[in-house]
Number of protein chains: 2
Amino acid sequence: MDKIQMELFEQLTGLHEIPAGAYNIRANSKKDSRNTTANIDIVTKEDKDGIDIYVKPGTKNESVHIPVVISKTGLEECVYNDFHIGEGADVLIVAGCGIHNSGDKLSRHDGIHTFYIGKNARVKYVEKHYGKGDGNGENVMNPTTIVNIEEGGYMEMETVQIKGIDSTNRVTKGKLDKDAKIVITERIMTHGNQTATTRFEVDMDGDGSSANVISRSVARDNSKQIFYSVINGNARCNGHSECDAIIMDNAKISAIPEITANDLDASLIHEAAIGKIAGEQLIKLQTLGLTEAEAEEQIVNGFLK
Amino acid sequence: MDKIQMELFEQLTGLHEIPAGAYNIRANSKKDSRNTTANIDIVTKEDKDGIDIYVKPGTKNESVHIPVVISKTGLEECVYNDFHIGEGADVLIVAGCGIHNSGDKLSRHDGIHTFYIGKNARVKYVEKHYGKGDGNGENVMNPTTIVNIEEGGYMEMETVQIKGIDSTNRVTKGKLDKDAKIVITERIMTHGNQTATTRFEVDMDGDGSSANVISRSVARDNSKQIFYSVINGNARCNGHSECDAIIMDNAKISAIPEITANDLDASLIHEAAIGKIAGEQLIKLQTLGLTEAEAEEQIVNGFLK
């Protein structure tokens, strides 16, 4: 990785150097480097662009980092990554894409991530999206995440898109067996003329399954956000979905959740709230010596923490 | 009205005799009787089936009853009723449709009600739907209510569909000017193989406008319910939507709200919850001597009160 790529890498992973454990770094559509461990194998797909990640049953306290960095303008790619998580494993997976586009052309990364989480396995999955660039080239990212969780399995998914993505269409689908659980936390900020669409779809098919989807978003300037969340209770299950959004300037935000109970023992709740920053909060911080802009910044940062 | 029609009339209006004030009673697609007052006029439409109701500006403490009763099997009708409410008026309007279908054919009533509520006028609008019949003929009702409220106007709308409607597709649309307010309360119970679809759409176009949509529903047996609620904040406004549903037996329920902030000063909230009757509640009532069925009945009745 060159200096620009290393900077994107740091934004995505929070690391200043190549991580320990398994990793696969993709830079400008090519494999930059890869490491596997005794328990985690990474294999390049032969039929299409992407990799298979195999985590052996029982693997504990290991991590996989698979960042993608793009520093070339006009690069468009679609990558398929499949995660096969063995029974009883407990791993951290860090993915994400950073684009530095200083040219005039559109740069686009579509990542299709499919998880097969075995019995009683636990996955913490972190996905960050970050864009930068002084040019006029658009940065586009369309992440799709498909999650299948077997009996007793658990996934905690954290997605963050804070800056610089001009257009994004985010799709996350989950399918839960008996006693499987998923917790999804999304944080999005859009500015300028950006648009962001998020769609969650969770099927709770097994008794004792549960889903918790939490979205926090801030829309500034002329940006537009749409949040969809579809939660289907097809068994004895608990579903909860929550969308809190702060609207600023001339932004527009829609929240369109959908809860469906197809089973007598499905218990489903949804909450959504859209509003601007409360005036009292701003005044309070301004009396402490902050300017209005600084006060807003602090409230927004706290909200997205 | 004959005895069966009178019984339907009582179910709809809660009255044992013809009401005081203005009324228009429609029985089996014909005008049964009508009364107007010095301030409220009712005029038969000439271009289509239906009536125009004119309430003079400043009319206070008057009421209009316009029940529709159908006791013939196989009767299908579509009726257009327009309500012109003068500036500063304050009136009660009671509408609704009762079908007694003891034949084999489908009976259907579609009522398209359009309200033009003048400046600072207040309307309480009650609409009940009730079906009965020992035959196999289906009872179908598709009420559409379109509400336009001028500056400072207010409407409180109460709709109830408790029994005997096999299929219903309910649409309510509201358009609110400056400082206009609407409060909608819906109560629905479906049983057998009934289906009910409810769609609310409110545009808050004026500064200071507000909308509150509250739906409580119970789905029993094999019935299906879908609840849509679309609230658009296009100005400085407050919107709140709430859907609470009890699921029983093999019923299916979906809640699909949609809140959209198109203005920085729009403040919007949605809540939805679907679940079955809590076990503890049932046990508590059973220890007081009720059977399980009686306990369920009491909880459901309390919920829909």
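The values are calculated or read from the model by the stated rules, or taken from the named source; none is laboratory data. The structure displayed is predicted, hence computed values, not measured ones. A quick note on method: Cβ atoms are made from the backbone with ideal geometry, for glycine too, and the neighbour counts reach across all protein chains shown.
Among the residues in the stretch A:93-116, are any hydrophobic (A, V, I, L, M, F, W, C), under 14 Å from A:Ser167 (Cα atoms) and in contact with a helix residue (DSSP H, G or I) (Cβ under 8 Å, 6 or more places away or on another chain)?
At the first step, the residues of the stretch A:93-116 found to be hydrophobic (A, V, I, L, M, F, W, C) are A:93-95, A:97, A:99, A:106, A:112, A:115.
With under 14 Å from A:Ser167 (Cα atoms) added as a condition, the list becomes A:97, A:99, A:106.
If we keep only those that are in contact with a helix residue (DSSP H, G or I) (Cβ under 8 Å, 6 or more places away or on another chain) too, we end up with A:97, A:99.
Taking every residue of the stretch A:93-116 in turn, at least one turns out to be hydrophobic (A, V, I, L, M, F, W, C), under 14 Å from A:Ser167 (Cα atoms) and in contact with a helix residue (DSSP H, G or I) (Cβ under 8 Å, 6 or more places away or on another chain).
List the number of the failed condition for B:Glu46; all other conditions in (1) of a type in the set (Asp, Glu); (2) farther than 25 Å from B:Ile162 by Cα; (3) in contact with a Gly (Cβ under 9 Å, 6 or more places away or on another chain) hold.
(3)
For the stretch A:244-264, how many residues meet the condition of being more than 9 Å from chain B (Cβ to nearest Cβ) and charged (D, E, K, R)?
Initially, the stretch A:244-264 is screened for residues more than 9 Å from chain B (Cβ to nearest Cβ), giving A:244, A:246.
Next cut, charged (D, E, K, R) only: A:244.
Selection size over the stretch A:244-264: 1.
Of all the residues that make up the stretch A:285-303, how many are hydrophobic (A, V, I, L, M, F, W, C), assigned to a helix (DSSP H, G or I) and either within 10 Å of chain B (Cβ to nearest Cβ) or surrounded by 15 or more Cβ atoms within 10 Å (Cβ to Cβ) (or both)? Walk me through how you get there before you give the answer.
Going through the stretch A:285-303, the residues hydrophobic (A, V, I, L, M, F, W, C) turn out to be A:285, A:288, A:290, A:293, A:295, A:299-300, A:303.
Now drop any that are not assigned to a helix (DSSP H, G or I), which leaves A:285, A:293, A:295, A:299-300, A:303.
From what is left, the residues that are either within 10 Å of chain B (Cβ to nearest Cβ) or surrounded by 15 or more Cβ atoms within 10 Å (Cβ to Cβ) (or both) are A:285, A:295, A:299-300, A:303.
Within the stretch A:285-303, residues that are hydrophobic (A, V, I, L, M, F, W, C), assigned to a helix (DSSP H, G or I) and either within 10 Å of chain B (Cβ to nearest Cβ) or surrounded by 15 or more Cβ atoms within 10 Å (Cβ to Cβ) (or both) number 5.
Got a number for residues in the stretch A:115-153 being under 13 Å from the mean Cα position of the chain (by Cα) and within 22 Å of A:Glu77 (Cβ to Cβ)?
Here is the first cut: in the stretch A:115-153, the ones under 13 Å from the mean Cα position of the chain (by Cα) are A:124-130, A:141-147.
Next cut, within 22 Å of A:Glu77 (Cβ to Cβ) only: A:125-130, A:141-146.
Selection size over the stretch A:115-153: 12.
Yes or no: the stretch A:5-16 includes at least one residue that is modelled with pLDDT of 95 or more, among the aromatic types (Phe, Trp, Tyr) and either under 17 Å from the mean Cα position of the chain (by Cα) or buried (at least 20 other Cβ atoms within 10 Å of the Cβ) (or both). Spell out how you get there, then give the answer.
Of the residues in the stretch A:5-16, the ones modelled with pLDDT of 95 or more are none.
Scanning the stretch A:5-16, I find no residue that is modelled with pLDDT of 95 or more, among the aromatic types (Phe, Trp, Tyr) and either under 17 Å from the mean Cα position of the chain (by Cα) or buried (at least 20 other Cβ atoms within 10 Å of the Cβ) (or both), so the answer is no.
Checking B:Glu156 against (1) under 22 Å from B:Lys224 (Cβ atoms); (2) at pLDDT 90 or above: exactly one of these is not met. Which one?
In the conditions (1) under 22 Å from B:Lys224 (Cβ atoms); (2) at pLDDT 90 or above, B:Glu156 misses (1) alone.
Would you mind stating whether B:Leu282 is in contact with a helix residue (DSSP H, G or I) (Cβ under 7 Å, 6 or more places away or on another chain), more than 10 Å from chain A (Cβ to nearest Cβ) and farther than 17 Å from A:Ile231 by Cβ?
Details: in contact with a helix residue (DSSP H, G or I) (Cβ under 7 Å, 6 or more places away or on another chain): yes; more than 10 Å from chain A (Cβ to nearest Cβ): yes; farther than 17 Å from A:Ile231 by Cβ: yes.
Yes; evaluated as a whole, the condition is true for this residue.
For the stretch A:87-108, give me the residue count where each residue is assigned to a strand (DSSP E or B), closer than 9 Å to A:Lys72 by Cα and of a type in the set (Gly, Ala, Ser).
Of the stretch A:87-108, the ones assigned to a strand (DSSP E or B) are A:90-100, A:107-108.
Still in the running and closer than 9 Å to A:Lys72 by Cα: A:99-100, A:107.
Still in the running and of a type in the set (Gly, Ala, Ser): A:107.
Qualifying residue count for the region: 1.
Picking from A:Thr144, A:Thr172, A:Thr185, which residue would you name as being touching a residue at least 24 places away in the same chain (Cβ under 8 Å), of a type in the set (Ser, Thr, Tyr) and under 17 Å from A:Leu304 (Cα atoms)? Steps first, answer last, please.
Values: A:Thr144 fails: under 17 Å from A:Leu304 (Cα atoms); A:Thr172 fails: under 17 Å from A:Leu304 (Cα atoms).
It is A:Thr185.
Of these, B:Val55, B:Val64, B:Val68, B:Val94, which one is more than 19 Å from B:Ile18 (Cβ to Cβ) and among the aliphatic types (A, V, I, L, M)?
On the way: B:Val64 fails: more than 19 Å from B:Ile18 (Cβ to Cβ); B:Val68 fails: more than 19 Å from B:Ile18 (Cβ to Cβ); B:Val94 fails: more than 19 Å from B:Ile18 (Cβ to Cβ).
None of the others qualify; the one that does is B:Val55.
Quick check on my filter: what residues within the stretch B:113-136 are part of a strand (DSSP E or B) and closer than 18 Å to B:Ile182 by Cβ?
Step one: list which residues in the stretch B:113-136 are part of a strand (DSSP E or B), which gives B:113-117, B:122-132.
Residues satisfying the conditions are B:His113, B:Thr114, B:Phe115, B:Tyr116, B:Ile117, B:Arg122, B:Val123, B:Lys124, B:Tyr125, B:Val126, B:Glu127.
Could you run through the stretch B:35-52 and say how many residues are in a strand (DSSP E or B), within 23 Å of B:Thr144 (Cα to Cα) and free of Cβ contacts under 8 Å to residues at least 40 places away in the same chain?
Summing the residues that are in a strand (DSSP E or B), within 23 Å of B:Thr144 (Cα to Cα) and free of Cβ contacts under 8 Å to residues at least 40 places away in the same chain in the stretch B:35-52 gives 6.
Can you report the number of residues in the stretch A:117-156 which are surrounded by fewer than 22 Cβ atoms within 10 Å (Cβ to Cβ) and over 19 Å from A:Leu8 (Cα atoms)?
Looking only at that region, the number is 13.
Just give me the residues in the stretch A:53-78 being hydroxyl-bearing (Ser, Thr, Tyr) and in contact (Cβ under 8 Å) with a residue 40 or more places away in the chain, in sequence order.
At the first step, the residues of the stretch A:53-78 found to be hydroxyl-bearing (Ser, Thr, Tyr) are A:54, A:59, A:63, A:71, A:73.
Within the stretch A:53-78, A:Ser63, A:Ser71, A:Thr73 meet the criteria.
Only one residue in A:Ser241, A:Ser267, A:Ser229 is in contact with a Gly (Cβ under 6 Å, 6 or more places away or on another chain) and within 11 Å of chain B (Cβ to nearest Cβ). Which one? It would help to see each step written out before you state the result.
Numbers: A:Ser241 fails: in contact with a Gly (Cβ under 6 Å, 6 or more places away or on another chain); A:Ser229 fails: in contact with a Gly (Cβ under 6 Å, 6 or more places away or on another chain).
Answer to the selection: A:Ser267.
Of these, B:Thr185, B:Thr198, which one is of a type in the set (Val, Ile, Thr), within 15 Å of the chain's Cα centre (by Cα) and over 27 Å from B:Asn120 (Cβ atoms)?
Working: B:Thr185 fails: over 27 Å from B:Asn120 (Cβ atoms).
Testing whether each residue is of a type in the set (Val, Ile, Thr), within 15 Å of the chain's Cα centre (by Cα) and over 27 Å from B:Asn120 (Cβ atoms) leaves just B:Thr198.
Within the stretch A:6-34, can you find the residues that are among the hydrophobic types (A, V, I, L, M, F, W, C) and either touching a strand residue (DSSP E or B) at 6+ places or on another chain (Cβ under 6 Å) or in a helix (DSSP H, G or I) (or both)? First the steps, then the outcome.
Of the residues in the stretch A:6-34, the ones among the hydrophobic types (A, V, I, L, M, F, W, C) are A:6, A:8-9, A:12, A:15, A:18, A:20, A:22, A:25, A:27.
Of everything in the stretch A:6-34, those that are among the hydrophobic types (A, V, I, L, M, F, W, C) and either touching a strand residue (DSSP E or B) at 6+ places or on another chain (Cβ under 6 Å) or in a helix (DSSP H, G or I) (or both) turn out to be A:Met6, A:Leu8, A:Phe9, A:Leu12, A:Ala22, A:Ile25, A:Ala27.
For the stretch A:17-45, which positions are acidic (Asp, Glu) and either buried (at least 16 other Cβ atoms within 10 Å of the Cβ) or under 27 Å from A:Ala121 (Cα atoms) (or both)?
Correct list: A:Asp32, A:Asp41.
Starting from residues that are farther than 19 Å from B:Asp110 by Cα and of a type in the set (Gly, Ala, Ser), keep the ones in the stretch B:162-202 and report whichever is surrounded by the most Cβ atoms within 10 Å (Cβ to Cβ).
This residue is B:Ala180.
crowded, with 19+ Cβ neighbours inside 10 Å, touching a Phe, Trp or Tyr at 6+ places or on another chain (Cβ under 9 Å), facing another protein chain (nearest Cβ under 9 Å) and on the phi < 0 side of the Ramachandran plot, is that true of B:Ala272? Give the derivation first.
Details: crowded, with 19+ Cβ neighbours inside 10 Å: yes; touching a Phe, Trp or Tyr at 6+ places or on another chain (Cβ under 9 Å): yes; facing another protein chain (nearest Cβ under 9 Å): yes; on the phi < 0 side of the Ramachandran plot: yes.
The answer is yes for B:Ala272.
Would you point out which residue out of B:Thr159, B:Thr185 is closer than 19 Å to B:Asn238 by Cβ, outside any loop (DSSP other than H, G, I, E, B) and touching an Asp or Glu at 6+ places or on another chain (Cβ under 7 Å)?
Values: B:Thr159 fails: closer than 19 Å to B:Asn238 by Cβ.
Result: B:Thr185 is the single residue among B:Thr159, B:Thr185 that is closer than 19 Å to B:Asn238 by Cβ, outside any loop (DSSP other than H, G, I, E, B) and touching an Asp or Glu at 6+ places or on another chain (Cβ under 7 Å).
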